[in-house]
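**Q** I have a structure here, written as structure tokens, and I will follow up with some questions on it.
Every number here is computed from the coordinates shown, using simple stated rules; none is lab data. Everything numeric in this text was worked out from a predicted model, so none of it was measured. Methodologically, a virtual Cβ is constructed for each residue, glycine included, from the backbone with ideal geometry; neighbour enumeration extends over all protein chains shown.
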Amino acid sequence: MSEPQRANAATIDLEAEFRASGVGEVLDELDRQLVGLAPVKRRIREIAALLLVDKVRRERGLASRPPTLHMCFTGNPGTGKTTVAQRMADILHRLGYIRTNKLVSVTRDDLVGQYIGHTAPKTKEVLKKAMGGVLFIDEAYYLYRPENERDYGQEAIEILLQVMENQRDDLVVILAGYGDRMERFFQANPGMRSRIAHHIEFPDYSKEELLAIAELMLSEQNYRFSPEGRAAFARYLEARMRQPHFANARSVRNALDRARLRHAVRLFESRGRALTLDDLQTIGPEEILASRVLARPEEERAA
Amino acid sequence: MHITQGTFSFLPPLTDEQIKKQIEYCIAKGWAVNIEFTDDPHPRNTYWEMWGLPMFDLTDAAAVMYELNECRKVYKGRAYIRISAFDSSPGWESLRLSFITDRPDDEPGFDLRREESRGRMQRYSIRAYATERPMGARYGR
């Protein structure tokens, strides 16, 4: 009996393989720690399934080419692209697709040189450092600057493409950036688009999701909202989301940092009073309502 | 004449897979891997030309293989290429492992020179036939 035939005869326990790989834990963690992002999570599950089945097939002697796993994450600021990339390295490592669980995060400055002949060694250095793991290029479109025809970014792109094509087993490249600019980048570099198998779009968060994120962030730092504080933050979010330069989870984090500051000031100013442990942890409505974001609409109304 | 030097000199030439395994071993030990080449095969020629800097902060052998292949693109068939690994744990870089990965296609070998000296003393020296030509024009092409 040949090798594939014998494998046919025996049943394959995919469930056991799945448990043994430890990917389930990473996926569950992803579900727990990242609010929303349903399409992203679905896509990651798909990729995990593909890799798991591929691994099982390989072990049973069914030859197949290793899948191309270069990815592109597009989405507005603060939608969790970097966080997900970090998890991606974890998943790929557990499935044995990359050899070391590492994510080398770079931007244009790390790849592109200052003068002629500087770019190639610099890019190669970064690529070599990332080999065996994941290379995460944030705001990848800055690599390509059409307005300057002597820009060295093109050189970095060419080297990148070459390694992405020839050393697929050694390196997974994840490009990230804002959707519209990424689109323009790919239009100018069709070779790049065709070498990327997975285009994952990160949707904006809804108000409820942002509120859940805020609570998650606070609980990580041993804070919590009082019920009124929570309601006030919901109002804050509504107002903030309408303003320009809203950066999703990043804006939430900044708002919470400012709230913590006001919280500390409030406690400090009432220091004659005895404090309870609860006071130290609870962010009340005062902290949120003092925000400029909420004040402005009222001023406008008054005017 | 098949010239051997360094670790594994008693073995047939290593395959790429074997080279990669050795590099993995070096990296796991925390050694910096370096690629060198020369077209002077004399055993006393210890200072070979360096292909770039030693690779200090790598975690994966694929990167060294990438550089080795880059070096081969330029020097394969025209020079000897070797891989050395340096250990810095004593406080200075010391050579731990060194082996030849590539040789010129045609190795003419050495000329043994005998020199009459005082009395009936005989002095010997060896000289590679290849070094009769200037550097860069010694092998192939």
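**Q** Test of the criteria: in the stretch A:118-216, which GluC sites (Glu not before Pro) are in a DSSP loop and have at most 10 other Cβ atoms within 10 angstrom of their Cβ? Can you show the working numbers first?
**A** Values: sites: A:E125, A:E139, A:E147, A:E149, A:E155, A:E158, A:E165, A:E183, A:E201, A:E208, A:E209, A:E215; in loops: A:E139, A:E147, A:E149.
Here the sparse-neighbourhood loop sites are A:E147, A:E149.
**Q** While we're here: Let's test the formula: R0 of 60 Å, r as the Cβ-Cβ distance of A:R58 and A:A290. What FRET efficiency results, to the nearest 0.05? Before the final figure, lay out each step's value.
**A** Values: r = 59 Å, r/R0 = 0.99.
The calculated FRET efficiency here is 0.50.
**Q** GNM on chain B, C-alpha springs below 10 Å: top fluctuator among B:Y75, B:Y47, B:Y129?
**A** Taking springs between Cα atoms under 10 Å, the residue moving most is B:Y47.
**Q** Right, something else. Sort the stretch B:16-107 into rounded, prolate or oblate with this rule: let a ≥ b ≥ c be the square roots of the eigenvalues of the Cα gyration tensor; rounded if a/c is under 1.5, and if a/c is not under 1.5, prolate when a/b is larger than b/c, oblate otherwise.
**A** Numbers: a/c = 2.04, a/b = 1.38, b/c = 1.48.
Here the stretch B:16-107 falls in the oblate category.
**Q** Over the stretch A:1-157, what is the relative contact order in percent, taking alpha-carbon pairs closer than 8 angstrom and at least six residues apart? Write down the numbers at each step before the final one.
**A** Numbers: 141 pairs, mean separation 29.3, N = 157.
Result for the stretch A:1-157 is 19 percent.
**Q** Students often forget the sequence filter, so: which lysines lie under 29 Å Cα-Cα from A:K129 once same-chain residues fewer than 8 apart are removed?
**A** In chain and number order, the partners are A:K41, A:K55, A:K81, A:K102, B:K20, B:K21, B:K29, B:K73, B:K76.
**Q** Right, here's the next one. Tell me the relative contact order for the stretch B:16-107 as a rounded percent, counting alpha carbon contacts under 8 Å between residues six or more apart. Kindly include the intermediate steps, with their values, before the conclusion.
**A** On the way: 140 pairs, mean separation 27.7, N = 92.
30 percent.
**Q** In the stretch A:181-229, which chymotrypsin sites (Phe, Trp or Tyr not before Pro) fall in coil by DSSP and have 12 or fewer other Cβ atoms within 10 Å?
**A** Details: sites: A:F185, A:F186, A:Y205, A:Y223, A:F225; in loops: A:Y205, A:Y223.
Answer in residue order: no site qualifies.
**Q** Here is a follow-up. How would the stretch A:1-135 be classified by its alpha-carbon gyration tensor: rounded, prolate or oblate, with rounded meaning a/c under 1.5 and the a/b versus b/c comparison settling the rest? Don't skip to the answer; put the middle values down first.
**A** Values: a/c = 3.04, a/b = 1.55, b/c = 1.96.
It is oblate, given that a/c is not under 1.5 and a/b is not larger than b/c.
**Q** Of the trypsin sites (Lys or Arg not before Pro) in the stretch A:106-160, which ones lie in a loop per DSSP and count no more than 13 other C-beta atoms within 10 Å?
**A** On the way: sites: A:R108, A:K122, A:K124, A:K128, A:K129, A:R150; in loops: A:R150.
In loop regions of the stretch A:106-160 (DSSP not H, G, I, E or B), the sparsely surrounded trypsin sites (Lys or Arg not before Pro) are A:R150.
**Q** Now a separate question. Quick one: angle between helix B:61-75 and the longest Cα principal axis of chain B, in degrees between 0 and 90, rounded to 10, please.
**A** 40
**Q** Additional query: Per DSSP H run of n ≥ 4, the term is -39500 (n - 2.57); total these for chain A, divide by its residue number, and report the mean residue ellipticity at 222 nm rounded to 500 deg cm²/dmol.
**A** Working: 16 runs with 180 residues, N = 303.
Only helices count here, giving -18000 deg cm²/dmol.
**Q** Roughly speaking, what is the centre-to-centre gap between the stretch B:1-30 and the stretch A:27-47 when only Cα atoms are used, to the nearest Å?
**A** With the stretch B:1-30 and the stretch A:27-47 each reduced to a Cα centre, they are spaced 44 Å.
**Q** Pick from A:S194, A:S270, A:S291: which is most flexible by mean-square fluctuation in a GNM of chain A where alpha carbon atoms under 10 Å apart are linked?
**A** Result for chain A, Cα springs under 10 Å: A:S270 fluctuates most.
**Q** Please list 3J(HN,Hα) in residue order for the stretch B:96-111, calculated via the Karplus relation 6.51 cos²θ - 1.76 cosθ + 1.60 where θ = phi - 60°; whole Hz, with x for glycine and proline.
**A** 10, 8, 8, 8, 7, 9, 9, 10, x, 5, 10, 10, x, x, 10, 9
**Q** What is the gain in length, in nm to one decimal, between A:E149 and A:E238 on full extension, counting 0.36 nm per residue of separation less the C-alpha to C-alpha distance?
**A** Details: separation 89, 0.36 × 89 = 32.04 nm, distance 4.37 nm.
Gain on stretching A:E149 to A:E238: 27.7 nm.
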